[in-house]
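Participant: Dropping the structure in here first, questions after.
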Amino acid sequence: MKHQSRHLVLRIACSICFSLFVIGSAFANPDEPTPSKSFNTPFHEGGGNGHIQELNVNHRLYNIGKNDIEGYKEMLSGSEFFLYPSLREDINVSMIARATTGEMGFEFLTGEVPENYATDKVTFLMLSDIDLNLRESFDIHVNDQPLLTFNSNEDGTLSVTDNPGNGAAEYILVRRDGNGDGIGVFRLTVPTSYIQKGKSAKIKFNGHKKNSNCWVMIFKATDAVERIKKSVFTEAAFVIKQKNDVLYVDAPTHFSGKQVYLVSDGKKSKRKTFKAQGELSKASFAIEAPKNSFTIVYDDTEIALEFEKGDGTMSKTDIRGKYLYHHRTNYNNGWFASLTKLYKPEFFETYDDFFDKKYEDGLVSIMNSSHQDIAWVDRPEVCIILRDTLLLKPVLKDAFIRDDYGFDIEDGLMLREYLERHPDSKEQLTTLLNKKLISVGATYNCPYEDMYDAEDQVRQLYLGKKWVKKTFGGYDSKVYWNVDVPGKSLQTPQILKKAGVDYMVISRHAKGMFHWASPDGSSVFTYSPGHYGNDLLYLSRDLNNKMKYGAEQVLYWEKNFKGGEIQTPLLSSQDMLPAIDYSGFIDSWNSFDSLEDEKGTEKDVFLPKMELMTMDEFMPLAEKKATQVDTIMGERPNVWVYIHGPGHHDALTASREASKLLPAAEKFHSIANIIDPQKMRYPFEEFDEAWQAKIYPDHGWGGHDGDITDNLFKENLVKSRTMGRTLLNKGVDFISSRIKKNEKLGIPIVLFNSLSWERTDPVTTSVNFAKGDIRNVTVLTSDKKKIPIQTGNAEYHDDGSLKSAEITFIAEGIPSIGYATYYLKDDKTTALTDGKMANTSSYENPFYKVSFEKGGIAQVYDKELKKELFTTDNFKAGDVFTLQSVGNGAGEFGDVQQPSMVDFDKVSLHDPEWEILENGPVFTKYRLEQKILHAIVRQDVTLYHDLKRIYFDVTLRNWSGKLYREFRTAFPVNMDNAEIAHEVPFGRVRVGKDEIKTAGERYTPLCKDVHPRAIIDWISATDNEISVTLSSSVAAADWIDPTEHSSGKAVLQNILLASRTSCHWEGNEYSQAGNHNFHNVLTSNKAGSIQGQKIAKQKNEPLHVVLHPDTSTKAFLPESLSFFAIDTEDVMISTIKKAEDSEDIIARMYNVKDSDEKVNVSSYFDIKSYRQTNIIEEDPKPVSPELQLGKYAIETFSLEVNK
């Protein structure tokens, strides 16, 4: 598991993406003949003595551990790992401990120690795999007492480095995997005084805190010792080779001394005794090779063969009771035979439940798919070609040949790529989609839902489902695929449901079928296979194991279909996986009708029918037939949160800014189009291009040649930001030109508010002045009221007049989705006013008293609420700190990889001095600067005299890019048992209240405990009296103090950046060296108020300034105006845009509270009618002007608007 365990990635379906070449070899699927009572398919490959060696190993293990106690009985706690190979093919679920945080371990019960156990020590035997590369330390406790500490050695042995309990640990290495790690047996010896006879012992494995992925696994095999004994006493394997007229028989070593004879075509040989020679036991017989029949008799046990063709050849596998018989014979330079009898009770036992007709009315459905990142397995352009040539081209060919075809395409982007390369394929794709021979998922791609803002999420469906529907003959995508991301946003089910998407296919989540609901009550029927590659690993095995797995899955899904027709899904999916032909398996399954018990009695088997189908077909059928389906509701925090924001700061900054600019541009372009539809055509094509660039980055950051992928993602996000800004400028410039301005008052400045509430904010703009025009600048409102201003960075003409300056003032009451006009003029009567008295130890305005000291802000006192906001015994308010941050952006970890205190440093340790940078009538700005490990921190704190807000601007200068470092800001709030909340798309999550309980699968932590979290604009801490809200310019935040100091109080933190790596073994580093800028605003309000949330959103979506705009001769708009407003405090408008399919205006809004709201829209324009649509503007239905929004609801309305 080094570098997120390359060796786990290569052999099991646990990476974001698989190696194409590994898949190509692993999933070759030759045609399989149809069995009736037996399965005529090769059971194993190799030179013919593989099972002999397997039995030799078991005999050696028996000699070592024949007196051992079963080491595993029941798991109590910890992390599970799925589908990793153990010594036994039927056992591949393990418990896993890692040497990362010091808390990654597991507990389990052993088998019971006999009451009459007489020795002073007891040894437990367990199937185990172990890391032989990283070799860190692990502790073992027995019944809560420390026993020993061990680490592995390169040679496969163990070293016990601490042994307080006088125990022993031994690893028996049987074989190594492709990366040199161990597959074998773990033996733990414990003094009898540690255990109670007649009872199980409780064992705990726990990794040390080494920030390492070093691992050890114990498999969940309750019969490890028993199966070894059964192997030694009941199993057999023989290889027989003819040379001249002699048959030479090889057997396992421990067959030495056994009596054996042969019967060939009715002729019996002499009785011989096996004799050991090296690793084999051997005997030879002067007897002719068979043509019709053959029997080997050993210790009065026989294996008999009948050759149906009379040619001495066969390849046959029989299940007979608890044993599996596999025989392969041929003539090739003499007769050759490989005969095997293996104890495999699981094969026969699997079919116990199918000896009656209980399940025959169900259906087993195989869904063929191929998981896709935009890149990750290779460069994006290579992956586009592979999706074309390896996936879609063969799919289209086969789908037109077979009526029973089925293939699921995860998202619309794959179709866009293919159509761009093959424009003439549109008719073919349309035919196949509407015949349900292929399907396509409802979104543009498979995104990190938590990485994007509200409208970004909706555009996934506009550019996915809506585009597909328009392009391919009305095909209606009903299924959302997002199988790779271990996270789910709170409102995703509502967004999907209100787009007409009823179903969701996910993974990296507990295997099951359930309804996933949003807090408004919307839900989608959801299917998770556990991990999206799980089924494929079994479907890639020999026919016996495929059949067994299919039957086991019928029984597994029975819990959801009690008394009904069981709908059993088998998802064949993996990264860049071509479609697999399962026709042979399906035919074999559907014709399998009987097998024999140990006595040779034939028993009828009644399996349900098996079909190949698409998820479009399966999901509605499963939902209809399901009788017992639970509903879960809430956020599932993304445990890969480090990959996008902290790992790609510059790219995500562009993304977050574009998320604000594009909806703002839509609002003001829509308004401009209403004002003058001829001159201001609504730019649908430009918006379509910008939104595609905005949501193009999916979940596949990093990977093979990850720098290329990451740069492509960044280029698209920067493009979307640039286009958003250009489109916004065009819209507001036009509107500004239609405002009747009183230029006698001065130079006009128009401030545009794209948010849906009246707001007050500071405005800073740079202005150039003509020589002689301005000596003492002032700002007037449109009603000629002079307001305080503060100038900075002033430059002067040679006559002393002002040449340029940054001008700052407070703009009050800017109307909702509207504007206000201000004027700059020369005030010859008033000299520039100075600011209030300022010093570097304290600042005070009507709202706050701020105490400064060396190293940071010592305290902020809220004068209105009479409350000290912070506890600064560990961190100062706004402290910037760095710590070690070992981990990957994504990977096979079950919880967020936490930072550690290695090389911890913070600004306040160094006691830098504050200085006052600016002080004037509007604000006072403070600065401190300090070099800490690997960067220089510059922090500016701005306090406006008339605003209850504190603005922080942080710059990391000369950041070295050192690998595995992290930077955060800290705000240690002075609250006991604070409720933490953070913004998510279209809503908020209250930590501990609004999450699902747990995700399951390997993701064992309770979701309420997962941190850091992805956030949109803010995180807050609230008690019974007060709420402290912190905005963020970055994508991730935390509230748990990561240092060794813990007061139990929340520390609000913005995670600035983290220099982690891709989990691809050839992936890139997210070093991000250079300078980085961050900003946030902090405010406090009474508990229950959402004012702090609105101020945070104002910070991230600032007023848009148009300086000295042109004035049209047709100007008619007033100097201040709201184009659209709503009368409800708790409802927000996310966009106003031109309708896609009519001349209407679309208004989308959402309710942030848990109560129904009535909303009235006021507008400068005449709204003639209101219709409610789904979220992608379909199915319009007339509604009254008093709009209804349920609790936490997202609703979309189509407004018929006249100028």
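The values are calculated or read from the model by the stated rules, or taken from the named source; none is laboratory data. What you see is a predicted model; the values in this text were computed from it and never measured. Positions of Cβ are backbone-derived with ideal geometry, glycine not excepted, and every protein chain shown enters the neighbour counts.
Participant: Would you check if there is a residue in region 406-421 being modelled with pLDDT under 95, within 20 Å of THR614 (Cβ to Cβ) and buried (at least 24 other Cβ atoms within 10 Å of the Cβ)? Please lay out each step first, then the result.
Facilitator: First, pick out the residues of region 406-421 that are modelled with pLDDT under 95: 406.
Among the residues that remain, those that are also within 20 Å of THR614 (Cβ to Cβ) are: 406.
Checking which are buried (at least 24 other Cβ atoms within 10 Å of the Cβ) leaves us with 406.
Looking through region 406-421, at least one residue is modelled with pLDDT under 95, within 20 Å of THR614 (Cβ to Cβ) and buried (at least 24 other Cβ atoms within 10 Å of the Cβ).
Participant: Pairs, please: C-beta under 7 Å, at least 6 apart or cross-chain, first residue within 14 Å of ALA1021 (Cα to Cα) and in region 1041-1052, second aromatic (Phe, Trp, Tyr)?
Facilitator: As it stands, the answer is ALA1050/TRP1039; VAL1051/PHE875; VAL1051/PHE971; VAL1051/TRP1039; LEU1052/PHE971; LEU1052/TRP1039, since those pairs meet every condition given.
Participant: Could you figure out which of (1) under 34 Å from the mean Cα position of the chain (by Cα); (2) modelled with pLDDT of 95 or more; (3) under 19 Å from THR350 (Cβ atoms) isn't true of ALA622?
Facilitator: (3)
Participant: For GLU913, all conditions in the list (1) touching a strand residue (DSSP E or B) at 6+ places or on another chain (Cβ under 8 Å); (2) without any contact (Cβ under 8 Å) to a residue 40 or more places away in the chain hold save one; what is the number of the exception?
Facilitator: Against the list (1) touching a strand residue (DSSP E or B) at 6+ places or on another chain (Cβ under 8 Å); (2) without any contact (Cβ under 8 Å) to a residue 40 or more places away in the chain, GLU913 comes up short only on (2).
Participant: Here's something else I'd like to know. Going by the conditions given, is ILE996 of a type in the set (Val, Ile, Thr) and in contact (Cβ under 8 Å) with a residue 40 or more places away in the chain? Break it down stepwise before answering.
Facilitator: On the way: of a type in the set (Val, Ile, Thr): yes; in contact (Cβ under 8 Å) with a residue 40 or more places away in the chain: yes.
Judged against the criteria, ILE996 is a match.
For every residue, the table says whether it meets (1) surrounded by fewer than 23 Cβ atoms within 10 Å (Cβ to Cβ); (2) in contact with an Asp or Glu (Cβ under 8 Å, 6 or more places away or on another chain); (3) modelled with pLDDT of 90 or more.
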site: VAL9; (1), (2), (3): no, yes, no
site: ALA28; (1), (2), (3): yes, no, no
site: PRO33; (1), (2), (3): yes, no, no
site: SER38; (1), (2), (3): yes, yes, no
site: GLY50; (1), (2), (3): yes, no, no
site: ASN63; (1), (2), (3): yes, no, yes
site: LEU76; (1), (2), (3): yes, yes, yes
site: ASP90; (1), (2), (3): yes, yes, no
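Participant: Still on this structure, I have one more. Among the residues of region 149-175, which ones are part of a strand (DSSP E or B), of a type in the set (D, E, K, R) and surrounded by fewer than 15 Cβ atoms within 10 Å (Cβ to Cβ)? First the steps, then the outcome.
Facilitator: Going residue by residue through region 149-175, those that are part of a strand (DSSP E or B) are 149-152, 158-162, 168-175.
Those still in the list that are of a type in the set (D, E, K, R) too: 162, 170, 175.
Within region 149-175, ASP162, ARG175 qualify.
Participant: Let me ask something additional. Kindly check whether there is at least one residue in region 442-463 that is buried (at least 24 other Cβ atoms within 10 Å of the Cβ), in a strand (DSSP E or B) and either over 18 Å from the mean Cα position of the chain (by Cα) or among the charged types (D, E, K, R) (or both).
Facilitator: Looking through region 442-463, none of the residues is buried (at least 24 other Cβ atoms within 10 Å of the Cβ), in a strand (DSSP E or B) and either over 18 Å from the mean Cα position of the chain (by Cα) or among the charged types (D, E, K, R) (or both).
Participant: Out of (1) in contact with a helix residue (DSSP H, G or I) (Cβ under 6 Å, 6 or more places away or on another chain); (2) closer than 19 Å to SER756 by Cα, the odd one out for ASP1110 is which?
Facilitator: (2)
Participant: Before we move on, is PHE870 aromatic (Phe, Trp, Tyr) and either within 30 Å of the chain's Cα centre (by Cα) or closer than 30 Å to TRP701 by Cβ (or both)? Full working, then the answer.
Facilitator: Numbers: aromatic (Phe, Trp, Tyr): yes; either within 30 Å of the chain's Cα centre (by Cα) or closer than 30 Å to TRP701 by Cβ (or both): no.
Judged against the criteria, PHE870 is not a match.
Participant: Identify, please: which residue in region 77-124 is in contact with a strand residue (DSSP E or B) (Cβ under 9 Å, 6 or more places away or on another chain) and acidic (Asp, Glu) and is, among those, nearest to VAL190 (Cα to Cα)?
Facilitator: ASP120
Participant: In addition: Go through region 992-1037 and tell me which strands (runs of 3 or more DSSP E), entirely inside it, have 2 or more residues that are under 24 Å from the mean Cα position of the chain (by Cα), of a type outside the set (Asp, Glu) and closer than 25 Å to ASP953 by Cβ. Step through it out loud before you land on a result.
Facilitator: Details: elements: 998-1000, 1003-1006, 1018-1022, 1026-1031.
In region 992-1037, 1018-1022 are the strands (runs of 3 or more DSSP E) which contain 2 or more residues that are under 24 Å from the mean Cα position of the chain (by Cα), of a type outside the set (Asp, Glu) and closer than 25 Å to ASP953 by Cβ.
Participant: Then there's this: So, of the residues in region 652-702 that are in a loop (DSSP other than H, G, I, E, B) and of a type in the set (A, V, I, L, M, F, W, C), which turns out to be surrounded by the fewest Cβ atoms within 10 Å (Cβ to Cβ)? If you could, list the steps in order and put the result at the bottom.
Facilitator: Step one: list which residues in region 652-702 are in a loop (DSSP other than H, G, I, E, B), which gives 676-683, 696-702.
Now narrow it down to the ones that are of a type in the set (A, V, I, L, M, F, W, C): 680, 701.
Values: MET680: 20, TRP701: 30.
So the residue we want is MET680.
Participant: From SER804, SER816, grab the single residue that is touching a residue at least 24 places away in the same chain (Cβ under 8 Å), closer than 17 Å to THR764 by Cβ, in the same structural domain as LEU755 (by TED's automatic domain parsing) and touching a Phe, Trp or Tyr at 6+ places or on another chain (Cβ under 8 Å). Steps first, please.
Facilitator: Values: SER816 fails: closer than 17 Å to THR764 by Cβ.
Result of the check over SER804, SER816: SER804.
Participant: Ok, one more. Picking from GLU979, GLU1001, which residue would you name as being modelled with pLDDT under 95, over 16 Å from ASP450 (Cβ atoms) and in the same structural domain as LEU1082 (by TED's automatic domain parsing)? Steps first, please.
Facilitator: Numbers: GLU979 fails: modelled with pLDDT under 95.
Answer to the check: GLU1001.
Participant: What are the residues in region 551-578 that are β-branched (Val, Ile, Thr) and assigned to a loop (DSSP other than H, G, I, E, B), if any? If you could, list the steps in order and put the result at the bottom.
Facilitator: First, the residues of region 551-578 that are β-branched (Val, Ile, Thr): 554, 566, 568.
Of everything in region 551-578, just one residue is β-branched (Val, Ile, Thr) and assigned to a loop (DSSP other than H, G, I, E, B), namely ILE566.
Participant: Turning to a different aspect of this structure: Criterion first (surrounded by fewer than 18 Cβ atoms within 10 Å (Cβ to Cβ) and under 30 Å from LEU1057 (Cα atoms)) does ASN1077 satisfy it?
Facilitator: Values: surrounded by fewer than 18 Cβ atoms within 10 Å (Cβ to Cβ): yes; under 30 Å from LEU1057 (Cα atoms): yes.
Taking the combined requirement at face value, the residue satisfies it.
Participant: Turning to a different aspect of this structure: Here is a list: GLU1177, GLU1200. Which entry is part of a strand (DSSP E or B) and either of a type in the set (Asp, Glu) or assigned by TED's automatic domain parsing to the domain that holds TYR819 (or both)? Let's see the steps before the verdict.
Facilitator: Working: GLU1177 fails: part of a strand (DSSP E or B).
Of GLU1177, GLU1200, the one residue that is part of a strand (DSSP E or B) and either of a type in the set (Asp, Glu) or assigned by TED's automatic domain parsing to the domain that holds TYR819 (or both) is GLU1200.
Participant: Moving to a separate point now. Do we find that GLY584 is surrounded by fewer than 16 Cβ atoms within 10 Å (Cβ to Cβ) and over 33 Å from the mean Cα position of the chain (by Cα) in this structure? Spell out the reasoning first.
Facilitator: On the way: surrounded by fewer than 16 Cβ atoms within 10 Å (Cβ to Cβ): no; over 33 Å from the mean Cα position of the chain (by Cα): yes.
When the stated conditions are applied, GLY584 does not pass them.
Participant: Within region 529-551, can you find the residues that are hydroxyl-bearing (Ser, Thr, Tyr) and either in contact (Cβ under 8 Å) with a residue 60 or more places away in the chain or outside the structural domain of ILE566 (by TED's automatic domain parsing) (or both)? Give the derivation first.
Facilitator: At the first step, the residues of region 529-551 found to be hydroxyl-bearing (Ser, Thr, Tyr) are 532, 538, 540, 549.
TYR532, SER540, listed by residue number.
Participant: Take region 300-314 and flag every residue that is assigned to a strand (DSSP E or B) and either buried (at least 17 other Cβ atoms within 10 Å of the Cβ) or not polar (S, T, N, Q) (or both). Break it down into steps so the answer makes sense when it comes.
Facilitator: First, pick out the residues of region 300-314 that are assigned to a strand (DSSP E or B): 301-306, 314.
Within region 300-314, GLU302, ILE303, ALA304, LEU305, GLU306, MET314 meet the criteria.
Participant: How many residues does region 856-883 contain that are surrounded by fewer than 20 Cβ atoms within 10 Å (Cβ to Cβ) and in contact (Cβ under 8 Å) with a residue 24 or more places away in the chain? It would help to see each step written out before you state the result.
Facilitator: Initially, region 856-883 is screened for residues surrounded by fewer than 20 Cβ atoms within 10 Å (Cβ to Cβ), giving 858-859, 861-868, 871, 873-874.
If we keep only those that are in contact (Cβ under 8 Å) with a residue 24 or more places away in the chain too, we end up with 862, 864-865, 867-868, 871, 873-874.
Qualifying residue count, region 856-883: 8.
Participant: Test THR821 against the criterion of being modelled with pLDDT under 95, over 22 Å from THR942 (Cα atoms) and either hydroxyl-bearing (Ser, Thr, Tyr) or not in a loop (DSSP other than H, G, I, E, B) (or both), and give yes or no.
Facilitator: Details: modelled with pLDDT under 95: no; over 22 Å from THR942 (Cα atoms): yes; either hydroxyl-bearing (Ser, Thr, Tyr) or not in a loop (DSSP other than H, G, I, E, B) (or both): yes.
Here the answer is no, as THR821 does not meet what is asked.
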